[in-house]
Amino acid sequence: MAEPEIDTRFELHAAVHVHADPRTVYDTVSDITRMGEWSPENTGGEWLDPPGQPGARFHGHNRGDHRDWTTECEVLEADRPRLFSWGVHGSVNAAETSIWSFEITPTDGGCLLTQRYVMSELRHGLRVQLAELSEQQAALFLARRRSRLEGGMRHTVRAVKRTIEQARGLAAGE
């Protein structure tokens, strides 16, 4: 079956106010080895290059409903304390298929932490899966994937908030 004629690009985000200094928030979210503590899908990562600078590569490990997978990622921006972003490679030495970021905006009493996800192109494995589906099934699959990602991102920023605020002795949600 041919690839469905549906738009597979999208941008998602989730945000939460954190009662902490932007540098503390940046230092927390830019430590990819800890991502498994907060994300319902990512189980952690390890640096392949010296950490945290643009161009540094890392592996991100993920767990879904029916499988585990690892992606190779590259830090795109590391602008402490404002922005930490990375691209997910479609394959080794390939352009990014999606970009994840954490944006930190100072506010009174802390900062706004926004996690963003922009998918410009489906990874090969997802394209193969979608090609086996009808256009309607593919659209439903992508809608469910977007919904899972949005829920996961809300979970992640809230978990980061809890971690940071508990370390500071604040009750989450204050």
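Here, each number is a calculation from the coordinates, and none is a lab measurement. All of these numbers come straight from a predicted model, not from anything done at the bench. Every residue, glycine among them, receives a Cβ derived from its backbone with ideal geometry; neighbour counts consider all protein chains shown.
Structure notes:
- Modelled spin labels at Glu11 and Trp69, positioned 7 Å past Cα toward Cβ, are 2.4 nm from each other.
- Computed from backbone phi, the HN-Hα couplings of region 31-47 come to 8, 5, 5, 9, 4, x, 5, 10, 8, x, 10, 7, 9, x, x, 9, 6 Hz, rounded to whole numbers (Karplus: 6.51 cos²θ - 1.76 cosθ + 1.60, θ = phi - 60°; Gly and Pro given as x).
- The HN-Hα couplings worked out from phi for region 150-158 by the Karplus form 6.51 cos²θ - 1.76 cosθ + 1.60 (θ = phi - 60°) are 4, x, x, 5, 4, 4, 4, 5, 5 Hz, whole numbers, x standing for Gly and Pro.
- Cα pair distances exceeding 12 angstrom across region 50-91, given as percent: 61
- Calculated FRET efficiency for the pair Glu46/Arg80, C-beta based, R₀ 22 Å, to 0.05: 0.60
- Calculated FRET efficiency for the pair His61/Arg148, C-beta based, R₀ 25 Å, to 0.05: 0.90
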